[in-house]
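The values are calculated or read from the model by the stated rules, or taken from the named source; none is laboratory data. Note that the structure is a prediction, hence the values are computed from the model and not measured. Positions of Cβ are backbone-derived with ideal geometry, glycine not excepted, and every protein chain shown enters the neighbour counts. Calculation scope for accessible area: heavy atoms of the full protein, side chains included, ligands and nucleic acids excluded. Shrake-Rupley method; radii C 1.70, N 1.55, O 1.52, S 1.80 Å.
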Amino acid sequence: MKRTLTLTAALALGAALAGCTSTVPSEQPSAAASAASTAASDAGSSAASEPGLAEVAITDPWVKATDTEMTGAFGTLENNTDVPIHVVAVSSSVTDRNELHEMVMQDGSMVMVEMEEGFVIEPGTAFVLEPGGNHLMLMDLAAPVEVGEDVELTLEFEDGGTFTWIAPARTFAGANEEYVESEASATPTP
Amino acid sequence: MDQPTRSAGPAPAGPAPAAEPRRTDQPPIPRGVRRRDVLVGGGGAALGALATWAGLRADGTPTDEGAASSDTSAPATAADYRGNLTEPWQGEHQAGIVTAPQGFLTLTAYDLADHVDALRLERLLRIWTDGISRLAAGRPGLTDTEPELAAHPARLTVTVGLGPGAFERTGLEARRPAWLAQLPPYSIDALEDAWSGGDLAVQVCGEDPSTVAHAARYLAKEAADLATVRWAQHGFRNAAGQVPEAMTFRNQFGQLDGSSNLQGEEGEHVWITDPDAPAWLRGGTTMVVRRIHMNLDKWDELDRPGREVIVGRRLGDGAPLTGGDEFTAPDLEAVNELGFPAIDAAAHIRRARTDDPTQRILRRPYSYEAAPSVIPSDTGQIFIAFQADLEHQFLPVQARLAELDLLNQWTTPIGSAVFAVPRGVREGEFLAQDLFA
């Protein structure tokens with residue numbers, strides 16, 4: 001089953017891309033650092049190409065606060081190893097239904113598509129998760145995600161390794177991509 | 001010893017009776033250098049000629065023009081580019097208090113939403129701390145949708161205060177400092193709800209109004225689920241580099257304003273050091289905000305001599321009517337040729353005096369001009385005062401000025417609020433965190 005997200009406004013995409021901050025290092029004392037070291041040991045097959053760098057890290061993680069049943073998680077993932085890292089699944093502390101979503105060109109417009117095969121973070125590069133772009137989709141939320149609340153997220157890699165981090169929920173007016181399932185039912189995402 | 005000029009109003013203030021030799025015998029610029037040195041905590045070595053604070057980076061080192069921009073597209077090599085200047089946001093105290101006043105202000109008061117309890121208030125303060133840490137460094141906020149607007153911090157500072165409601169409405173009433181309440185009513189007041197009170201205050205100051213506007217709005221957006229804007233006040237002083245650094249601020253009456261107040265150099269009168277004070281307040285201060293309408297149209301009816309009598313100073317150089325210069329102490333005993341006091345019994349300079357140096361306050365005022373009115377004027381001052389002890393330093397002189405001050409005929413307080421300003425944060429801390437321990 002393939003699900004598709006269509007951007008309500010193409011403008012939103014442009015703005016989001018222009019705001020890409022993948023090269024800006026975070027000074028946040030976020031959970032990323034400690035989580036990254038966990039990932040390093042779990043990721044097994046990969047090896048850090050530079051000493052002192054976590055093998056997988058995320059900077060500026062956050063989740064959109066919502067009182068609806070869906071939300072997105074964002075941040076900039078970094079692969080500091082010299083091998084590709086294949087992300088195959090995501091899980092979260094707020095729901096059992098979590099998906100990896102990417103943005104692709106389809107019939108002349110950008111749409112959000114579930115990445116059924118996951119995605120690969122190439123060695124030494126960053127993978128940006130942002131509103132209007134690739135993101136982690138959290139669905140069927142049983143309770144609101146309140147602003148300031150911490151959400152735990154875990155990526156699972158093809159080799160069985162995992163990477164867990166904490167993302168704080170923030171008030172955010174954007175990230176309203178229309179969620180269009182191939183079966184046709186359409187609901188706005190938070 | 002300095003005699004403070006205290007004012008509830010657009011204190012003409014000036015200078016007061018201060019008779020500091022170092023001020024009187026030196027030209028303005030050197031004096032400013034000394035002041036800024038203290039204010040930014042920078043090394044004296046970094047201070048040169050006209051550079052003073054504007055030539056300092058956050059770490060107190062001289063600016064290396066062309067290096068520190070956070071936006072590579074910025075004209076960082078231009079000799080006059082100063083948008084990359086930052087003020088330190090971490091430390092014993094919050095920024096924006098003894099920081100040399102920047103040109104522009106957006107001061108926002110918030111009402112907490114009904115569902116905000118102590119946990120949610122804590123979350124909001126965590127979020128704001130994170131936002132401040134980024135914006136003050138010239139980085140976009142975490143969820144910033146206009147990240148480019150954060151790229152030129154231009155000495156951005158953000159100062160957060162807690163009003164009485166932050167305690168009363170969140171179950172923290174037992175931890176509210178006893179002094180944290182609205183000011184007592186004064187006969188001169190014509191307070192409007194629209195400009196008074198507030199559970200939280202966020203003072204954003206900077207040298208660039210575009211950056212200030214973005215920062216203030218970003219912080220408001222991040223708070224939107226937890227707090228609504230009660231009032232917001234925009235203020236201005238001289239833009240950076242447009243007047244000599246050391247020049248005393250002139251209010252819209254044309255008066256030199258506040259040069260005898262603390263300028264940050266006497267921290268013991270600004271910072272709360274009482275060992276009995278709660279941890280979140282030690283290193284913090286008390287903040288009074290008054291919106292004071294200045295009736296420019298009525299002021300226009302006064303000729304220059306009359307204006308000078310009201311304050312007791314010459315408008316041009318701020319010297320007392322009894323002679324000297326801006327920093328000469330007035331001779332309050334002097335009489336004129338008719339035998340009347342040379343400085344009127346109700347002149348502001350006389351009424352604002354206190355002989356108790358421990359009653360000096362730190363004033364950090366901004367002018368406002370509310371759009372779209374020009375004539376008649378909707379102009380005044382956002383009076384902002386910081387002092388360690390509200391009851392000892394602020395209330396007595398405010399009461400005396402309210403009782404009698406010629407200037408009161410042209411000024412009207414239309415807004416009033418009091419906030420507790422938590423201490424500064426160190427790496428990994430968030431504002432007021434001891435309050436939630």
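Tabulated data for the structure shown
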read-out: Subset of the range B:208-228 (residues that are open to solvent by 40 Å² or more (accessible area, probe 1.4 Å), within 14 Å of another protein chain (Cβ to nearest Cβ) and aliphatic (A, V, I, L, M)); value: B:Ala224
read-out: Top-ranked residue in the range A:140-158 [being surrounded by fewer than 21 Cβ atoms within 10 Å (Cβ to Cβ) and away from every other protein chain (no Cβ under 13 Å); ranked as nearest to the chain's Cα centre (by Cα)]; value: A:Thr154
read-out: Residue within the range B:262-272 that is touching a Phe, Trp or Tyr at 6+ places or on another chain (Cβ under 9 Å) and over 21 Å from B:Gly91 (Cα atoms) present; value: no
read-out: From B:Val243, B:Val289, residue being of a type in the set (Val, Ile, Thr), surrounded by fewer than 23 Cβ atoms within 10 Å (Cβ to Cβ) and under 19 Å from the mean Cα position of the chain (by Cα); value: B:Val243
read-out: Among the candidates B:Leu180, B:Leu191, B:Leu156, residue that is more than 14 Å from chain A (Cβ to nearest Cβ) and buried (at least 24 other Cβ atoms within 10 Å of the Cβ); value: B:Leu156
read-out: Candidates B:Glu146, B:Glu122, B:Glu173, B:Glu168, filtered to the one that is in contact with a His (Cβ under 7 Å, 6 or more places away or on another chain) and open to solvent by 10 Å² or more (accessible area, probe 1.4 Å); value: B:Glu146
read-out: Selection within the range B:95-105 - open to solvent by 10 Å² or more (accessible area, probe 1.4 Å) and not aliphatic (A, V, I, L, M); value: B:Thr99, B:Pro101, B:Phe104
read-out: Conditions (1) over 16 Å from the mean Cα position of the chain (by Cα); (2) open to solvent by 50 Å² or more (accessible area, probe 1.4 Å); (3) away from chain B (no Cβ under 14 Å): number failed by A:Gly161; value: (2)
read-out: Flag if A:Ala48 is more than 14 Å from chain B (Cβ to nearest Cβ) and modelled with pLDDT under 75; value: yes
read-out: Residues being surrounded by fewer than 21 Cβ atoms within 10 Å (Cβ to Cβ), more than 20 Å from A:Ala175 (Cα to Cα) and of a type outside the set (Gly, Ala, Ser) - total across the range A:86-117; value: 6
read-out: Whichever residue in the range A:173-183 is open to solvent by 30 Å² or more (accessible area, probe 1.4 Å) and part of a loop (DSSP other than H, G, I, E, B) and, among such residues, is modelled with the lowest pLDDT; value: A:Glu183
read-out: Selection status of B:Gln233, assigned to a loop (DSSP other than H, G, I, E, B) and either of a type in the set (A, V, I, L, M) or surrounded by fewer than 22 Cβ atoms within 10 Å (Cβ to Cβ) (or both); value: no
read-out: Candidate set from the range A:73-85 (those that are modelled with pLDDT of 95 or more and part of a strand (DSSP E or B)); member that is farthest from A:Ala169 (Cα to Cα); value: A:Ile85
read-out: The range B:397-421, residues that are of a type outside the set (Phe, Trp, Tyr), farther than 22 Å from B:Gly163 by Cβ and open to solvent by 20 Å² or more (accessible area, probe 1.4 Å); value: B:Arg400, B:Glu403, B:Leu404, B:Leu406, B:Asn408, B:Gln409, B:Thr412
read-out: Members of the range A:129-139 found to be out of contact with any helix residue (DSSP H, G or I) (no Cβ under 8 Å at 6 or more places or on another chain) and either within 13 Å of chain B (Cβ to nearest Cβ) or open to solvent by less than 30 Å² (accessible area, probe 1.4 Å) (or both), listed by number; value: A:Leu129, A:His135, A:Leu136, A:Met137, A:Leu138, A:Met139
read-out: Cross-chain or 6+ apart pairs with Cβ under 6 Å, the range B:236-248 first and at pLDDT below 90, then among the small types (Gly, Ala, Ser) and surrounded by 15 or more Cβ atoms within 10 Å (Cβ to Cβ); value: B:Glu245/B:Gly32; B:Ala246/B:Gly32; B:Thr248/B:Ser259
read-out: Hits in the range B:114-153 - residues which are polar (S, T, N, Q) and either more than 8 Å from chain A (Cβ to nearest Cβ) or over 26 Å from A:Ala175 (Cα atoms) (or both); value: B:Thr129
read-out: Given (1) more than 14 Å from every other protein chain (Cβ to nearest Cβ); (2) under 21 Å from the mean Cα position of the chain (by Cα), index of the condition B:Ala166 fails; value: (2)
